[in-house]
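This report refers to the structure that appears directly beneath it.
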């Protein structure tokens, strides 16, 4: 299977134009699928962590950590919708 990758390198002080005939061998490539729902959960957890870390009131910080812990437990149990 052959793939062609087009890349562009812009360097203002580059002395010569790039060689379009230069080839490279790709030994490994990872393919990933972006999961928007999972990303939303990740950002929610990140916000809760930052709240727990930076809020001056320790009680609110502990509540944020508790909420994050509940979210992770629900994820592990498959209950988060």
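Would you please list the contacts, defined by Cβ atoms under 8 Å and residues six or more apart or on different chains, that run from a residue in region 23-49 that is in contact (Cβ under 8 Å) with a residue 24 or more places away in the chain to a residue that is surrounded by 10 or more Cβ atoms within 10 Å (Cβ to Cβ) and assigned to a helix (DSSP H, G or I)?
41/71; 41/75; 44/71; 45/68; 45/71; 45/72
Yes/no per residue for (1) part of a loop (DSSP other than H, G, I, E, B); (2) over 22 Å from residue 78 (Cα atoms); (3) modelled with pLDDT under 85; (4) touching a strand residue (DSSP E or B) at 6+ places or on another chain (Cβ under 6 Å):
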site	(1), (2), (3), (4)
3	yes, yes, yes, no
7	yes, yes, yes, no
13	yes, yes, yes, no
28	yes, yes, yes, no
34	yes, no, no, no
39	no, no, no, no
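Please indicate, with yes or no, whether at least one residue in region 50-63 is outside any helix (DSSP H, G or I) and surrounded by 13 or more Cβ atoms within 10 Å (Cβ to Cβ).
The answer is yes; a qualifying residue exists.
The values are calculated or read from the model by the stated rules, or taken from the named source; none is laboratory data. The model shown is predicted, which means the values in this text are computed figures rather than measured ones. When we count neighbours, we look across all protein chains shown, and the Cβ atoms used for this are built from the backbone with ideal geometry, even at glycine.
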